[in-house]
């Protein structure tokens, strides 16, 4: 079965991703509502939306960093630009998200074209610092002189006296897509389980599937091949008659558009935009997601984004009470010790766990979770086939 | 009029005159070797041909067109390919992908945005690339990771990549540097075979006299940044000036 | 004129901090070839060594003062620090008052140790890895250090006052012949500048006149050759890293009276220090120092109202703007060699 120009393997892969994405509200809610494990459920609209949005951000970043190896520390700037665009469209036109999202993509593309055109004149760490400088400049300006555009520290939001010229009489008073209100959900109670099917999640999820498909096509295209070639040997590429600059610029702009779209979707879920979205820590976060999942792989960025957002949510929720619940069966001394140690890693200290994880991945598993999975799968296969020699195995050349 | 014409080329690095008054003409469909002792300026000269360096004086023209000031990829698109001292290949890609990239470069030019085509659907180019690999006896390695090839195979892969573009001029920068004698002989055979099969001009920079005398039809001897003599291998062998400048030192 | 001098003076303390951090970054990069994103964290750790010393010196107990009574006639309990009880109120009080300079003495061995542990435990394994990996792993480390500090010291800035002798400001203008009150300058900033000058001079002298320094400089110029000479550079590199950590650390200690330490100060300074390194020229020590002061002063000029009214927001972006301009027009930086890290 071939589908949308994909190979059989990729079609299966895409179908699995689609199925998982659409069933997320069920899959992430494996524990009954009143069980002690319910705190590990993640099927909340807010969290699921973040999965999809950061998934989009990371998929886009991977097209630049994963394929070409150019490490940008400034992609948060596009995220912020996307959010501001959407909120401005709310203010001027109305709460339909479509014009805003389109504007977000266009504006971030232009912005990325500008920043990329300049930054890509250098490579390596110089490129990283140039992108960082641009993003920090945007951030600082958004807080200061650009206040008329960004509303400074308060953040941009919709006020009652905004024009909203396209706002119909009965139009919803919150972000919607032709009447489909983002923060509305359908609930399904099934035994002890409660499932929430949120409009906003499905809207972002469908966009995420589309952009995932686009990235799949890019990975398999000659363009993607050139980008991978840039990462492995730019000298050879130039001496093969190919001009690397427009290729990297195209990758930069595409990834900037993904980031702008993700930023726009943030504002589509919650009609606010603030400068903190442009801070370089936000750029660092997406780098982290891609590395953790596996840079240059198709699934990696999604896994990384999901992993980080899930554990951020779970770990931040764990407090003393929860810990006591876990370790309560142990003798007091050990219990207190374990709770004390756990303190370092949970609750507000979640970032510490994240930093540690990040180091561990870079040190021991440079290929990220995807590589980890492959290693495990390989080990299992070897075990099953006994002492079958591994020389027959084809080298996976492209990212699986 | 040769395919590659070098006139009065000079290049200075700080206080060092690396090249001065270099005149050279490489005739079409010949193998032209440029030899000379270490520091004679061979690599500097080669870098002036491919756009890595721009000479301070003089001109370099290919097929009647000046290459000065052009970028490496532009010069390559004119029909000059280059083999490096240490093979430059795409080590993270498969062998077949390595050869497909020059095929794309040949068909699509220096840049083409084709994000929605699919590499595996390009049957013509795949066939072309596979033919190239057959020519260098590497077809059975086509799915291998290029990084895991032996050094000799990397060299052959690099040749295949260069030839896939069907260049008019192939520049070889010490193609056998650091090779064992057996590998060197294989490379000589490979180059001879390439030469026999197609219309191609080769310019070789080489240290190894064995390689030079097995392949070259013309030889230019470079010493201290300036050409000493240019002649056929037979004449070069007995040339007193050359002996003094080069062979004497080597012996 | 007085306004210009004031801005130069105002730029000096920030510039000193940039120069000290950038110096360490450059030493590490130049000798070890490692891009250390955790260097700002070392500056921060130094600052929190000052906080810890202040707290340790402040440990006190209650005792009854026989000479005094409270308003009810009961004996008065007064707090007394252990330091004062050991050394007497005169000396002890002075030690408590001078906690920041005392912290410098404590910080040197602490930071050397931190540097050694970091280099042996982590950085060493990344010499041969791509720069991107080095950036990422040290970035991860920076997050960890920052969060640890946040865990133990909280998220709010902590005040660490300068010794009372150096509190307040003085009229610098009068000293150089201006009208009174034209140039009012805080004492401690001048101290910081003098301190930075001494440290910078010390490091340069160390590199210039010791065998160790010679090897390090040779290593920066051509690492492989030095390796071939059979000199054990590994051990020296560890020391080098410790030294760079110590410089960043004491720079952090002394900066605490100017900026109350908070857990994210390391990151804030790191980003700017990288800009400094790039402007000065990757791998050039004099470049790092010159660019540090230059950018510090430039930043203080950009925040003058006269300038801001012409170019609104310029104070927010000046450093980045300079970095972008330098990178595009002169990628080697002000004093750097060509081709460093250009791949």
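No value in this document is a laboratory result; all are computed from the given coordinates. All values reported here derive from a predicted model rather than from experimental measurement. Neighbour counts are summed over all protein chains in view; Cβ atoms, including those assigned to glycine, are modelled from backbone coordinates with ideal geometry.
Averaged over peptide B:145-155, the number of partner chain Cβ atoms lying within 10 Å of each residue's Cβ comes to 1.
Starting from a Cα-only point model with no solvent, please compute log10 I(q)/I(0) by Debye for the stretch B:118-184 at q = 0.11 1/Å. Once normalised to I(0) and log-transformed, intensities are -0.30. Divide the volume of the convex hull around the Cα atoms of the protein assembly as shown by the residue count and you get 262 Å³ per residue. Relative contact order for chain B: 28 percent, from Cα pairs under 8 Å spaced at least 6 residues apart, divided by residue count. Tell me, what is the percent relative contact order of chain C, built from C-alpha pairs under 8 Å that lie six or more residues apart? Here the relative contact order equals 34 percent.
Here the peptides C:310-318, B:164-172 are ranked by packing, the mean other Cβ count within 10 Å, and the order with the highest first is B:164-172, C:310-318. Contact order for chain A, expressed relative to its length and based on alpha carbon pairs under 8 Å spaced 6+ residues apart, stands at 26 percent.
Springs join every pair of Cα atoms under 10 Å in this Gaussian network model of chain B, and among B:32, B:121, B:207 the largest mean-square fluctuation is at B:121.
The convex hull drawn around the Cα atoms of the stretch A:81-170, when projected onto a plane and averaged over every direction, covers 6.6 nm². A protection proxy built from the mean count of other Cβ atoms within 10 Å ranks the segments A:337-343, C:31-37, most packed first, as C:31-37, A:337-343. Taking the inverse of the mean 1/r over every pair of distinct Cα atoms in chain C gives a Kirkwood hydrodynamic radius of 21.7 Å. Each label point was placed 7 Å from the Cα along the Cα-to-Cβ direction; for residue A:27 and residue A:235 their separation is 4.4 nm. Once the mean of 1/r is taken over each pair of separate Cα atoms and inverted, the stretch A:174-213 shows a Kirkwood hydrodynamic radius of 11.3 Å. For the stretch C:252-287 versus the stretch A:319-334, the inter-centroid distance based on Cα atoms is 43 Å.
Put the Cα centre of the stretch C:85-151 next to the Cα centre of the stretch B:70-141 and the gap is 51 Å. What the Cα atoms of the stretch A:42-293 give is an Rg and a Dmax of 19.0, 66 Å.
Per-residue mean of foreign Cβ neighbours for C:294-301 is 0 (Cβ atoms of other chains, 10 Å radius). Only alpha carbons enter this Debye calculation for chain B, each as an equal point scatterer, and the log10 of I(q)/I(0) it gives at q = 0.08, 0.13 Å⁻¹ is -0.32, -0.83.
Taken along its principal axes, the alpha carbon cloud of the stretch B:71-198 reaches lengths of 47, 31, 26 Å, longest axis first. The Cα-based radius of gyration of the stretch B:12-55, divided by its Kirkwood radius, gives an Rg/Rh of 0.98. Shape class of the stretch A:318-387 from the Cα gyration tensor (axes a ≥ b ≥ c, square roots of the eigenvalues): oblate, since a/c reaches 1.5 or more and a/b does not exceed b/c.
The alpha carbon radius of gyration of the stretch B:126-251, expressed as a multiple of 2.2 N^0.38 Å, is 1.20. Could I get the Rg over Rh figure for the stretch B:31-124? Both from C-alpha atoms, Rh via Kirkwood, rounded to two places. That ratio equals 1.04. With no solvent and one equal point scatterer placed on each C-alpha of the stretch C:89-156, evaluate the Debye formula and give log10 I(q)/I(0) for q = 0.15 Å⁻¹, two decimals. With no solvent term, the Cα-only Debye profile gives -0.71. Choose one answer from A:140, A:199, A:319: the residue with the largest mean-square fluctuation in a GNM of chain A with alpha-carbon springs under 10 Å. Per the Cα network of chain A with a 10 Å cutoff, A:319 tops the list.
With Cα atoms defining each centre, the stretch A:98-124 and the stretch A:22-90 are spaced 20 Å apart in the structure. Of all the options B:151, B:112, B:12, the one that moves most in a Gaussian network model of chain B with Cα springs shorter than 10 angstrom is B:112. Equivalent-ellipsoid semi-axes for the stretch A:170-319 (Cα gyration tensor, √(5λ), whole Å, largest first): 35, 19, 16. Projecting the alpha carbon convex hull of the stretch C:24-79 along each direction and taking the average yields 6.1 nm².
Peptide C:122-134 has a mean of 3 when you count, residue by residue, the C-beta atoms of other protein chains within 10 Å of its C-beta. Across every pair of non-identical alpha carbons in the stretch B:89-151, the mean reciprocal distance, once inverted, gives a Kirkwood radius of 12.3 Å. When restricted to Cα atoms, the stretch C:190-330 yields an Rg and a Dmax of 17.8, 60 Å, respectively. Within the stretch A:115-148, name every residue whose backbone N is under 19 Å away from a label modeled 7 Å from Cα of residue C:305 along the Cβ vector. Residues A:145 fall inside that zone. Sorting B:103, B:48 by the number of Cβ atoms found within 10 Å of their own Cβ, with the fewest placed first, yields B:103, B:48. Shape of the stretch C:1-156 from the C-alpha gyration tensor: prolate (a/c of 1.5 or more and a/b above b/c, with a ≥ b ≥ c the square roots of its eigenvalues). Measuring spread by the Cα atoms of the stretch A:73-124 yields a radius of gyration and Dmax of 13.0, 43 Å. Ordering A:147, A:154 by the number of other Cβ atoms within 10 Å of each residue's own Cβ, fewest first, gives A:154, A:147.
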